[in-house]
Each structure stands twice: as structure tokens, then as C-alpha cells.
Amino acid sequence: MRSLLSDKEWLVEESAFNDEKLNYYETIFTVGNGYLGTRGSLEEGHQAGLQGTYLNGVFDHHASFIVDLVNAPDWTSLSIWVDGNRLDLHSCEILEYRRILDLKQGLLYRITRFKDAAGRITRYESIRYANFSQRHLFEVNATLTAENYSADVTIESDIDGQVYNIDLKPAYKVEPRFSPQVRWLKWSRSKHLAHVEAATTDSGVYLELKTLDRPHHIGYASAVKVEGVDHRLQTQTQYEKVGASVSFDLQEGQSVNFQKLTAIYTSRDVDKSQIRSHCTDVLQQALQQSAEQRLQPHLETWQRKWDDCDIRIDGDAEANRAVRFNIYHLLITANEFDHRANIGAKSLSGEGYKGHVFWDTEIFMLPFYIYTQPETARALLMYRYHTMPGARDYARENGNEGARYPWESADTGHEVTPPWTADGKERIWTGERELHITSAIAFGVLSYVNATGDTGFLVDYGAEILFETARFWSSRMEYKPETDRYELTDVEGPDEFHELVDNSVYTNWLVKWNLQKSARYYHWMKENHPSELARLNQALALDDAAVAAWQAMAEKIYIPFKEGEELIEQFEGYFQLDEIPITEWDENNMPFYPEGYNHFNSDTTTLIKQPDVVMLLYVLPDEFSDAVKRANYEYYEARTMHKSSLSPAIHTIMGIETNHFEKALQYFERAAFVDLVDNQGNTLDGIHIASAGGTWQAMVNGFGGMRVKNRKLTFKPWLPDKWGSISYGLQWRSGRLDVSVSAAQMHFTWRHPDHQELAIMVQGKDVSLPPNQLISVALN
């Protein structure tokens, strides 16, 4: 099986077992296909393990303190018994242990040699994958070898519906350190699934469950296929659990191959009355195919994905592996076929943030999909369209009009931010005060439309999002007659150390942008799509006068920044806060909190959690001079604690843009390796998927120099000395642009179905790209 894997540059390896690192590897070894993600738990389980299988979009709120992305049954579960002795890492001596994630092919490989108490040595080798071609099919393909014995062997395959989500944890005055076997037992757990049906089938077993609060039904059909040996099959059904066991005689030196195949459907996919038939049909078809016939379409799909989005770095294999690792996780967490699901802050790899969706999608991840997987980008934005009723409810609940998108959302578009931390110690205000997500969603809509030219999406769906977010802002802004201006008080910007501020410059500037762009596209629709606009006007009670009011309001929104100045004040009064310098850094070059300060008491200081003003400079590059960008980068970088994984990637890009190249490279390493080296210390909770999107942006928008300015592709790259070149591809307005960058020149190849030329800008100079030609441009 090892021979199936790709070249070493595509592999992430675990070479020895360490229970302290088990949860970390479970996260980074997640396999998925956008429909489902499964943590890299051991098939036989482990006391320290945190099994997790998450079906995109399947949420529930029963018996939990906040809405959960449901932890579904584990489709990988296998137990192997040799003459009645179970093989596992607790009871056996481990002679060899290795696991390898193949990023290129979406395969998780494992080899373990167990020596049991009787001295018998069994070699277990497997490949696990979530099929990317048939997204309802999941497989563990394994081979057992009896190295020094002959014995009766039994393989037990279970689908266990008695699974739980972690919920609340105890509050301690001083956070204790627990052994890995105890860590998760300290948490309370919430149950989300109830029994519907457990049955045997002609080929295996079937289990159906339902969520307790939401109307979801989940079906699993599973079977074990054994090849090359006479065997005995038994099936068992229990309440909320089904299983199949296969027994056979294994001779010394003999190897037996078997496959565990599982088909999964939910009532999000088909009517609940059809779940069982769909599961059994997919399973039966898979059983009739060979392992190679099932695997090949999966590999071909992965190849097409990598053709679209691979980034190559010449001269730094470790950085290239890290970048591809981040892209891999972006690819397995989103589903272009599901317009009612989005991406949680920990992807489909863990329970951190309960699977909730943040502004992370539009600002950090959506650009990757826009420029490499535009169908997926469209689906992610359709989630915002479909959850607009919840956003409208949220606006009305607070006395406003239009749509206020929640800081954290799940399946309905209603606010699901927990009011307290999981231990109940600290109040969380983000759901009430972090309003800027509403503008982020409008920003995502227009970023997608500008890059793809998909005006059909704008007319049918995107315009309604623009108009409803503008209506929200027009009702939420506070008019101050004494100054004849509009303000926003009691809000929270991206920097979450400061939870109650007036006139966050990031928030106010994006509100102004939101209102102006919404007005612009209102008039664009009036000219180009009058009948569709008339329909929207009627549905939203909107008219020209309201839009004129948006424009007038935008001109009077207070921005605490004066023309001619360079330094932007993050919010009113920020410059009067206590200056507490950062003086110590950890082994990952991450700042330590100054003595006496932490996340919850830094609001009286100029310390900031993550970029706020620097983020504004990045998101709206057209609106600030180079001098303003440089002055603010230098000022705020020195005060940023980077206590969010969102922070380093933006500091990479803006570091390059402001010629702080050494810092940019330092921040890139923090972003790209955040999970591979666990430099935040919490990868066990799930992948930092927004940082993965930020890493892609750091490569393309930072080192690759690509920025969209005035709706046009522009390039101003910079490469570290160690890198000979980088190359990447972009989807742009129905065409494909391949880009290669070295220290001396850039190479472009533009392809378009209508053979259109493409006008771009390189280092401030206009360049025209004819189709299907390699064009080289010298760099200064």
C-alpha cells in the first residue's frame, strides 16, 4: 500500500506513537471531501483519542449550551482479535508505527506492527479516504499479515450511534494539566442523536439516527469485504449500534486484504424516507467494484483540484509542503454542491467554536475559492443568501431594518455566539458588538462578482444581500446633530481585546464602503436589469430616495482619520490608552502577554489581539497611500499580540507591501506552519482553517504580488532569497491565468474560451496578455 503514495514532497508523516500528540495528529490527519470530515483517530480507538466525524451543515442544539455541529458515528471503527486477544496500542507492544497523510491524493496511510502478550506479531497496513468522486462513500482498505503465527482472526466493524459532542468544562482557578487519557473526560458531553433504525442487510448493516432538536435524519450502510480467504460473517444489531464481524484462519506469513465500505446520506440530501435506499444502493455498487475501480475516480478528482490550485515554491521544500497542507484542508472542508452549508472556524476537523461560521469565510477563505474554485465560492455565498431570513430577524430583534448577519452562525442564520466561555468564567460580547461581519459579507459578494464576472449571481442573489446590508447600516448608524455626522458607538472591531469602543475605524470605513457600493449597484441594476430591480424594490420596500439617503449618509460617516495625516486611530480614544510594551517572545517568536495582562484585561492598553487598522489597509488597498500603509504597519505591528491565528498572514502581506520583508517572512512562517508545528498550542481542537486561507493569500497576494485594484489584476511581487521561484494559477472572468515569479521576471500564460486579451499591471506598468502565449515581464 505504501507504493500508492505520492512523492515525499506531498507527504506529512508521524513516525512514532505519542499519546500526548494523539489529538494533534487526529486534527492534521483529517480526511474529508466537503460533505464530511473525519478526524485521524485510530481505527481501534484509544483512551486519549477524540473521535470526530462531522457532516457539513448538520447542526443540533439539544442538551448543549450552544448549537453544535453534530459529532456523527465513526465510519472507520475496526477491532482486530487474534485468538481472542484485541490488538491495540494499550495492550500490545508496538514494534513499528507510522502514519502518512498524502496531500496530493487525499489518502491517510498507516502501518502498525503489534506484538501481543503471547508474542504473536501482526502487521496492520491500511489506506483511509473519503471518496472525492462519490461523496457519499467512505473506505478503509487494510491488509493483515500474521508474521510468526497461525491463528483464528476476527475483524469487528461497528457503526456506533452512541456518540457525543464535548460541551462545557469545569472552571479552575489555575488551569490544571491532565494526562491525555483524562483530558476529555473532564468535559461534560451533549447528546444529539437518537435511534431510528438498526438493521442487517444482504451485504452488511444499516443504522439510522435522528437529531434531537433539528429535523435531520442520518443513515449509514456499511459492510466488510474480505478477499482471498474463506471467512465467516456475522452481523449484530443493538440499540443505536450495528456491527459486522468477519472471522477466518490466518496462517503464518499469510496476508489478507479487506475493505470496510460505508455509505452515508442525510435528510439534507434526500427525503428521509429515501435515505436507506440511497445508502444501500451506493454501498452495493461499491461492493461490486474492485478497490482500484473505487479509488481511481477519487484520485482523478484530486488531480483536477490540484491542477486548479497548486502553488509551487522552488528552493524551499518545507514551505511548499506547508502551503500544500493548508490548501489540502481548504479543499476537504467546502462543498461546491451544497448551497446551504459553509465553513466552520475549525473546518470539519474538530469541535472548536462548535462548527460555527464567522467572518473568516468571506475575508480569509473566500479569496482562495474565488480564484481557484469559483463554483465553491458561489456556494459559500449562497449560504449567506439562504440564511438571510435569520439575519433579517436579528436586525428586527435589535430595532433595525434590513439584514444584520450574526457574528457566529450555524444552519439558520440566527446568532449563536455563546454568551460565556466554556468554563463560564468570562463574558463573550462579540455576538452583540462585532457588527463588521455584515460588511464582510457584502465585500465577499462583490469580490466574487468582480473576479468571475458572474453578474447572474449578482442580479439573482447578490444584489439582495447588498441592499439588505445597506438597509441595516442605514438604520443602525447614529446621527449626531451637534457635529452633523453619523457614528457607531458601543461596537467591537476585529481587535477583540477592546470590546466596547466608539467609531471603530475598520467598522465605520467598511460601512461607508458597503453603503456606497450598494448604491452603485442599485443604479447599475436600474440601467441594466430594470425588471429584476423592480421586483426587489417591491419585495424590500426600497426606492430611489432610500438609496440616495445611503449615499448621503456615507458622506457623513465619521472616520477618525484626517486627510494629510498618516497614522490612523483604531477607534476614538485609542491613542490615550496605556502604552504597555511587548518585551518577550516564545520559542515560536509569538509574543508573551506583558506581566499582569491577558485577553480579558488588555482593554486599557494599546495592546491589540490581531490586525484592525492593518486589516483595513489590506481589505481596501485602493484607498490608502504607500506612506499611510507604511506608517500604520510600523505603529500597529509593534503592539499586536497575534493571539488569533488570523493575524500573521495579514502581517505577511502588508509587510511585503510596506517593504518590511524580514518581518513578512517571519509572519509567513507563523501562518503557514500554525498547525504543522502547533504554534498556537490548540491544533487538537481543529485546523485553523482561516489561517489556511490566509496562507494562500500570503503566497498569492503577498509573495506573488497579486492585488485587485480598481477592478483590475495588478502584480508587485517579492521573493525571499532562498526561493528561486514560485508559481500559481488564477481563475479570472472565465479564463485561467498561470503565473510564475522569480527575482528577475514574471511569466504569464492567459487562456480564455473566447480568446480575449487580458490587461494587467506589473509594478505600475500596463501589460497586455494575448491568449495562449507565454509573456515574460522583467522586474525592477
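The values are calculated or read from the model by the stated rules, or taken from the named source; none is laboratory data. Note that the structure is a prediction, hence the values are computed from the model and not measured. Note that we place each Cβ from the backbone using ideal geometry, even for glycine, and neighbour counts take in every protein chain shown. Surface areas here come from the heavy atoms of the whole protein model, side chains and all, with no ligands, DNA or RNA. Shrake-Rupley method; radii C 1.70, N 1.55, O 1.52, S 1.80 Å.
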> Which residue, chosen from SER602, ALA631, ILE94, occupies the Cα position most advanced towards the positive end of the dipole of the chain, where the dipole is computed from +1 (Lys, Arg) and -1 (Asp, Glu) charges on Cβ about the Cα centre?
Replying inline: ILE94
> Check LEU758: other-chain or 5+ apart residues with amide H under 5 Å from its amide H, H built from backbone geometry?
Replying inline: LEU769
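Grab the DSSP H runs of the chain that are 4 residues or longer, score each as -39,500 (n - 2.57), total them, divide by all residues and round the 222 nm result to the nearest 500 deg cm²/dmol. Display every interim value, and only then the final one.
Values: 19 runs with 222 residues, N = 780.
Computed mean residue ellipticity for the chain: -9000 deg cm²/dmol.
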> When the accessible area of the chain is split by element with a 1.4 Å probe, what percent falls to carbon and sulfur?
Replying inline: 45
> If you plug each phi of the range 56-69 into the Karplus form 6.51 cos²θ - 1.76 cosθ + 1.60 with θ = phi - 60°, what whole-Hz ³J(HN,Hα) values come out, in order, with x for Gly and Pro?
Replying inline: 4, x, 8, 10, 7, 10, 6, 6, 10, 6, 8, 4, 10, 6
> All other residues with a Cβ under 10 Å from the Cβ of LEU95 taken together, and with Lys, Arg as +1 and Asp, Glu as -1, what is their net charge?
Replying inline: 0
>> Let me spell out the model: positive unit charges on the Cβ of Lys and Arg, negative unit charges on the Cβ of Asp and Glu, origin at the Cα centre of the range 549-647. What dipole size does that give, in debye rounded to 20?
In response: 240
> By how many degrees, between 0 and 90 and to the nearest 10, does the Cα long axis of helix 388-397 differ from the longest principal axis of the chain?
Replying inline: 60
> How large is ³J(HN,Hα) for each residue in the range 320-332, as worked out from phi by the Karplus curve 6.51 cos²θ - 1.76 cosθ + 1.60 (θ = phi - 60°), to whole Hz, x for Gly and Pro?
Replying inline: 5, 4, 5, 5, 5, 4, 5, 5, 3, 5, 5, 5, 8
> For helix 530-540, what angle does its Cα long axis make with the longest principal axis of the chain, in degrees from 0 to 90 and rounded to 10?
Replying inline: 80
> Suppose every K and R has +1 on its Cβ and every D and E has -1 on its Cβ; what is the size of the dipole of the range 212-361 about the Cα centre, in Debye to the nearest 20?
Replying inline: 520
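With a 1.4 Å probe and all protein chains left in place, how much accessible area per residue does the chain have, in Å²?
Details: 28640 Å² over 780 residues.
Normalised by residue count, the accessible surface of the chain is 37 Å².
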> With all protein chains present and a 1.4 Å probe, how do ARG86, ARG2, ARG99 order by accessible area, largest first?
Replying inline: ARG2, ARG86, ARG99
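In whole percent, what relative contact order does the chain give with Cα contacts below 8 Å and a gap of six or more residues? List each step's numbers first, then the result.
Numbers: 1716 pairs, mean separation 83.6, N = 780.
The value is 11 percent.
Over the range 669-736, calculate the relative contact order: mean separation of alpha carbon pairs under 8 Å at least 6 apart, over the residue count, as a percent.
Values: 46 pairs, mean separation 12.7, N = 68.
Result for the range 669-736 is 19 percent.
Suppose a student asked you for the relative contact order of the range 112-181, using Cα pairs under 8 Å spaced at least 6 residues apart; what percent would you report?
Working: 59 pairs, mean separation 15.8, N = 70.
Relative contact order comes out at 23 percent.
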>> Suppose every Lys and Arg Cβ carries +1 and every Asp and Glu Cβ carries -1, with no other charges. What dipole size does the chain come out with about its Cα centre, to the nearest 20 debye?
In response: 1060
> Can you run phi through the Karplus equation (6.51, -1.76, 1.60; θ = phi - 60°) for the range 642-647 and list ³J(HN,Hα) in whole Hz, with x for Gly and Pro?
Replying inline: 6, 8, 10, 5, 6, 6
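Filter LYS191/LYS346; LYS305/LYS517; LYS354/LYS609; LYS115/LYS241 down to the pairs with a C-alpha to C-alpha distance above 26 Å, please.
Numbers: LYS191/LYS346 20 Å; LYS305/LYS517 33 Å; LYS354/LYS609 22 Å; LYS115/LYS241 30 Å.
Pairs exceeding 26 Å: LYS305/LYS517; LYS115/LYS241.
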> Summing +1 for each Lys or Arg and -1 for each Asp or Glu, what net charge is found among the other residues whose Cβ lies under 9 Å from the Cβ of ASN56?
Replying inline: 0
> Among VAL767, LEU488, HIS192, which residue has its Cα positioned farthest towards the positive end of the charge dipole of the chain, with +1 placed on the Cβ of Lys and Arg, -1 on the Cβ of Asp and Glu, and the dipole taken about the Cα centre?
Replying inline: VAL767
>> Can you give me the angle between helix 291-309 and the longest principal axis of the chain, using Cα atoms only, in degrees from 0 to 90, rounded to the nearest 10?
In response: 20
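Within a Cβ distance under 13 Å of GLN551, other residues only, what is the Lys/Arg minus Asp/Glu net charge?
Values: positive: LYS512, LYS517, ARG520, LYS556; negative: ASP544, GLU555.
Here the charged neighbours net out to +2.
If each residue of separation counts as 0.36 nm, what is the full-extension length gain between ALA552 and ARG177 once their alpha-carbon separation is subtracted?
Stretched fully, the ALA552-ARG177 segment lengthens by 129.3 nm.
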> Fully extended, how many nm does the chain gain between ASP490 and ASN528 (0.36 nm per residue separation, minus their Cα-Cα distance)?
Replying inline: 9.7 nm
> If you work out semi-axes √(5λ) of the Cα gyration tensor in Å from the coordinates, which of (1) 46, 29, 27; (2) 64, 32, 25; (3) 47, 39, 24 do you get?
Replying inline: (1)
